[in-house]
Structures are given as C-alpha cells and as structure tokens.
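**Student:** Okay, here's the structure, questions in a sec.
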Amino acid sequence: MIEHVVLYKFKPEAEPSQITALMNGLNDLISINQVVHLSAGPLQSTRSSSFAFTHMLHCRYNSKQDLKAYAVHPAHVGLVRRTTIVDDIMAIDWIAEDVSALAPGSVSRVMFLKLKDGVAQKNYVLNVIREVGSKLSSIREFSFGENFSPDRAKGFSVAILMVFDAVEVLDSNVEVLDLLNEKLSDLLEDDLVVDCIIGTPQPGSGSS
C-alpha cells in the first residue's frame, strides 16, 4: 500500500470559506477509482520549530502506478490549479505494510523525520521505529517507511503514521513516543509531528 500525505499552510488573506471549499474539493477526490482511502481536514495540533502547517491530506493507493494515475487525473489537476490560497505545501510518499481500513473519528499522528547530512544509518532508524511501534498499546494502525518522492518533502526522508481510536488513547502512549525521540534525537536534523482526526469516508470509497 502506498501512503501519500500532504501538509498545507494557507496565505494570511485566505478566507475560511476558501479553505473549507478546498478541503471539500480534496475530499471529493475519493471518487477517483485509484484512491483506496482519502481524508482531508484541519490539524488538531502540530509540533515544529520550522513550519506552521494547518491542514492535512492523507491518501492510500494500491501501487505507485495508482498514485501516478491519481496525480494526473483531471479532477485532481483541476483542483491543484485552484490552490492559489496555499502559502506552503509539503508532501511525502512511502510504502506501507499490513494496513487496513481507517475508522472515521480515529486520530492519526504523523511524524516526519529529517536525518542529519551524512547519516548512513537509515536501516537502524527504520529498525528503531519498528521496535518502538511494537510497544505501542491500543494502536489501530502503525505505518512507516522511507520517502520515495523527494521533490516536495523539504528534506524529510522518513515518515511514521500512527492511528489511535481517540485522543485519550494517543495520550496514553506518550512515554513510548518519547522513547522514539530519545533513541533517534542524535541522528535527526529536524522533526515535524502533526495530529489529525480522520474524516468520514464518502459512499464508494475503497474502490480500486
């Protein structure tokens, strides 16, 4: 399964109605046949010293070919041309294993990691993430991988997606997440963490 996550920051002059219209337009892209999952909406929280993103799009596809087909689909291209209110954008793609359908109302936490220049321990980083993920209690989904689309990733090369049933469940795993930061802090140049509520899928979602 291919994970595709896009973060948005809007221009100060953007009207709330314009932002809502764009998010609604993104959610309408669930009708594209290649899309397995799609949810777009405002971030519940963000932690970063360098960026101020406010909204997120999360999609899933069965293959890289399906992601490419989505990218050039007329509905997607037409929407991208109307994103003049966007001030900054970041996108990351990775290959995930053992993922399933995401329940509306659950909470996703996505961590983006930028490794220090010259770090040749990417396999170690991925193994640490896998080990820490196995210790997360009451987790619905755990997905991670190396970014394969660097053009809009701002130097972030690894992403982690964790899905919990509720904010309270996420909060109960804080110690384990802190362990992840502790083990990797010396290898990281920067990290970005965002939380978002997964929206309600529209009828017809899950087609491929």
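Readers should treat all values here as calculations from the given coordinates under stated rules, not as data from a laboratory. Everything quoted here is computed from the prediction, not taken from an experiment. Virtual Cβ from ideal backbone geometry, glycine too; neighbours counted across all protein chains shown.
**Student:** Between GLY155, GLY25, GLY78, where does the largest GNM mean-square fluctuation fall for the chain, given springs only between Cα atoms within less than 10 Å?
**Tutor:** GLY78
**Student:** Between SER45 and VAL86, 0.36 nm times their residue separation minus their Cα-Cα distance comes to what? Before the final figure, lay out the partial values.
**Tutor:** Numbers: separation 41, 0.36 × 41 = 14.76 nm, distance 1.89 nm.
Residue separation times 0.36 nm, minus the Cα-Cα distance, leaves 12.9 nm.
**Student:** Is segment 115-204 rounded, prolate or oblate when judged by the Cα gyration tensor, a ≥ b ≥ c being the square roots of its eigenvalues, rounded requiring a/c under 1.5 and prolate requiring a/b larger than b/c?
**Tutor:** On the way: a/c = 2.15, a/b = 1.33, b/c = 1.62.
Oblate, since a/c reaches 1.5 and b/c is not below a/b.
**Student:** For the chain, what does -39500 (n - 2.57) per DSSP helix run (n ≥ 4), summed and divided by total residues, give at 222 nm, in deg cm²/dmol to the nearest 500? All intermediate terms of the calculation are to be shown ahead of the outcome.
**Tutor:** On the way: 6 runs with 57 residues, N = 208.
Helices in the chain give a 222 nm mean residue ellipticity of -8000 deg cm²/dmol.
**Student:** Against the globular-protein guess of 2.2 N^0.38 Å, express the Cα radius of gyration of the chain as a ratio, rounded to two decimals. Please report the intermediate quantities before stating the final value.
**Tutor:** Working: Rg = 16.5 Å, N = 208, 2.2 N^0.38 = 16.7 Å.
Its radius of gyration relative to the 2.2 N^0.38 Å reference: 0.99.
**Student:** Counting pairs on different chains as well as pairs 8 or more places apart, how many Lys pairs in the chain have Cα atoms under 21 Å apart?
**Tutor:** 14
**Student:** Of the options ALA153, GLY105, PHE164, report the single residue whose Cα projects farthest towards the positive end of the charge dipole of the chain (beta-carbon charges: Lys, Arg +1; Asp, Glu -1).
**Tutor:** About the Cα centre, the residue reaching furthest to the positive side is ALA153.
**Student:** If the elastic network links every pair of Cα atoms under 10 Å, which of SER106, SER39, SER185 fluctuates the most in the Gaussian network model of the chain?
**Tutor:** SER185
**Student:** Using the charge dipole of the chain (Lys, Arg: +1 at Cβ; Asp, Glu: -1 at Cβ; taken about the Cα centre), state which of LEU43, ALA69, LEU26 has its Cα farthest towards the positive end.
**Tutor:** ALA69
**Student:** Normalising by the residue count of the chain, find the relative contact order in percent from Cα pairs under 8 Å and 6+ residues apart.
**Tutor:** Values: 400 pairs, mean separation 66.6, N = 208.
That works out to 32 percent.
**Student:** Here is a further query. Give the average over all directions of the projected area of the C-alpha convex hull of segment 27-144, one decimal, in nm².
**Tutor:** Working: hull surface 37.1 nm².
Averaged projected area of segment 27-144's Cα convex hull equals 9.3 nm².
**Student:** For segment 71-111, restrict the atom set to alpha-carbon positions and state the Rg and Dmax in Å.
**Tutor:** 14.5, 37
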